[in-house]
1. Just give me the residues in the stretch 71-86 being open to solvent by less than 60 Å² (accessible area, probe 1.4 Å) and in contact with a Gly (Cβ under 8 Å, 6 or more places away or on another chain), in sequence order.
2. Considering only the stretch 89-106, how many residues are more than 29 Å from P123 (Cβ to Cβ) and under 34 Å from the mean Cα position of the chain (by Cα)?
3. Go through the stretch 408-420 residue by residue and tally those that are in contact (Cβ under 8 Å) with a residue 40 or more places away in the chain and in a strand (DSSP E or B).
4. Do you know which of the residues in the stretch 377-407 that are in a loop (DSSP other than H, G, I, E, B) and in contact (Cβ under 8 Å) with a residue 60 or more places away in the chain is surrounded by the fewest Cβ atoms within 10 Å (Cβ to Cβ)?
5. Determine which single condition I362 fails, assuming it passes every other condition in (1) within 27 Å of R8 (Cβ to Cβ); (2) surrounded by 15 or more Cβ atoms within 10 Å (Cβ to Cβ); (3) without any contact (Cβ under 8 Å) to a residue 60 or more places away in the chain.
6. Taking the options G210, G246, name whichever one is touching a Leu at 6+ places or on another chain (Cβ under 6 Å) and of a type outside the set (A, V, I, L, M).
7. Identify, from the list A411, A483, A459, the residue that is under 30 Å from S13 (Cα atoms), among the small types (G, A, S) and out of contact with any Ser or Thr (no Cβ under 6 Å at 6 or more places or on another chain).
8. Which of the residues belonging to the stretch 466-492 are of a type in the set (S, T, N, Q) and either buried (at least 20 other Cβ atoms within 10 Å of the Cβ) or under 29 Å from the mean Cα position of the chain (by Cα) (or both)?
Amino acid sequence: MSKKLTSRAENYSKWYNELVVEADLAENSAVRGCMVIKPYGFAIWEKMQAELDRMFKETGHQNAYFPLFVPKSLFEAEEKNAEGFAKECAVVTHYRLQNDPDNPGKLRVDPNAKLEEELVVRPTSEAIIWNTYKGWIQSYRDLPLLINQWANVVRWEMRTRLFLRTAEFLWQEGHTAHATKAEAITEAELMNNIYATFAENFMAIPVIQGLKTESERFAGADETYCIEALMQDGKALQAGTSHFLGQNFAKAFDVKFTSKEGKQDYVWATSWGVSTRLMGALIMTHSDDHGLVLPPNLAPNQVVIVPIYKNDEQLDAITEVVNGIMKDLRAKNISVKYDNRDTYRPGAKFAQHELQGVPLRIAIGSRDLENGTVELARRDTLTKEVVALDGLIDKVEGLMTEIQDTLFNKAKNYRDNHITEVDTFEEFKKVLEEKGGFISAHWDGTAETEEKIKEITKATIRCMPLEGKIEKGICVLTGRESARRVLFAKAY
């Protein structure tokens, strides 16, 4: 079985890297900076994807698919967007290989196969999508246009980390077009709310909704909404963003519509997305030194049943009972796995399922059959109890809700205890180094001060919270007037 994990207290970063690999979630690939998501990791992502997809469709969105490649001329049409992503772009310049005449058995790029125009491998799809929308939108009858895409994107990263930052990653990106500014802002806020609801109800991660500062906004956006989460090491993680794009992309790609009054105007736009980065958030919010801890709402297997037996006769008797348990659990929409592998001893199975974060383990042996009982082991609290077979299904169903709530409340208590108000820069630095978490502090609203604080402390403004009191004060760094407190933190 797997080696013991490095403890979080000893080296949080090393613990995370080991856990992703040991729990069989993902591994580094032969392509530098890219990952292989393994079946168990992909099963969790699929559950995330399915739930988000349901929520998108319930709010009127449809899925489509757009090309992986974006002609450079389209990519540079919206200047801020192009400038913001330029340094991260992978670019296709040729379309053919040929045998290398100087190295038999090897290939080289055919120098005569240069593309007339370079193709950017999409880092985001606004350019190709808005060029397409120009042909789809003519009148107010075509609006709103509510499209989502599930895809992969490439952002060339030199320092990578499984799930958190890789050169290629999976995500969804919504791109919508509206007749009015108010409608587009409502859409951006709606999608940010959907992300927050998903994070809290399914991932059991409490988040703070807010607005990004101008320097932290998405390139090409007029406003960026976000959800910010806090990891166990006191660092923040941006878990999702929703952007009000104004008419910037409509003007760049000349996307106009005829209104009911017969007037021509540019449409108003949004874009919004979450990625496999959510996997990193899930791992770092709940997991412990024993391994992964998964909330029941996202666990591929919510329950695992392990038989304890000495011979085939005992296994057959246990299996007969287990088949009935599994049928009843599945009728309650509880996913269950029967681990009757004869290649591992029960202890090794327990260790694997603990490492992989299965919320609830049921152990059942011959003596349990005689007594009409089973042993339940909770992954979140690492507690065990013996319960009667009668009433087991209702007990398990109740525990699914209880474990989900316990994980959320634990994470929320940690988050709430790590939001600290400070009024001086000395306090700011002390809290950042000794306690971590979110720091609520006054800021004078200038990009210069924001950058200076980042330079001195490595802390960034995570967001201007949408909820909470708005109070005037004095900037912690400059002493100038401040309109409100914002949340700072070191971040992933």
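The values are calculated or read from the model by the stated rules, or taken from the named source; none is laboratory data. Keep in mind it's a predicted model, so treat the numbers as computed, not measured. Neighbour counts run over all protein chains shown; Cβ positions are idealised from the backbone, glycine included. With ligands, DNA and RNA removed, areas are computed over all heavy atoms of the protein, side chains included. Shrake-Rupley method; radii C 1.70, N 1.55, O 1.52, S 1.80 Å.
1. E78, N81, G84, listed by residue number.
2. Here the count works out to 0.
3. 1
4. This residue is L382.
5. Among (1) within 27 Å of R8 (Cβ to Cβ); (2) surrounded by 15 or more Cβ atoms within 10 Å (Cβ to Cβ); (3) without any contact (Cβ under 8 Å) to a residue 60 or more places away in the chain, I362 violates only (1).
6. Details: G246 fails: touching a Leu at 6+ places or on another chain (Cβ under 6 Å).
From the options G210, G246, the qualifying one is G210.
7. On the way: A411 fails: out of contact with any Ser or Thr (no Cβ under 6 Å at 6 or more places or on another chain); A483 fails: under 30 Å from S13 (Cα atoms).
Among A411, A483, A459, only A459 is under 30 Å from S13 (Cα atoms), among the small types (G, A, S) and out of contact with any Ser or Thr (no Cβ under 6 Å at 6 or more places or on another chain).
8. Filtering the stretch 466-492 down to residues of a type in the set (S, T, N, Q) leaves 478, 482.
Selection gives S482 alone.
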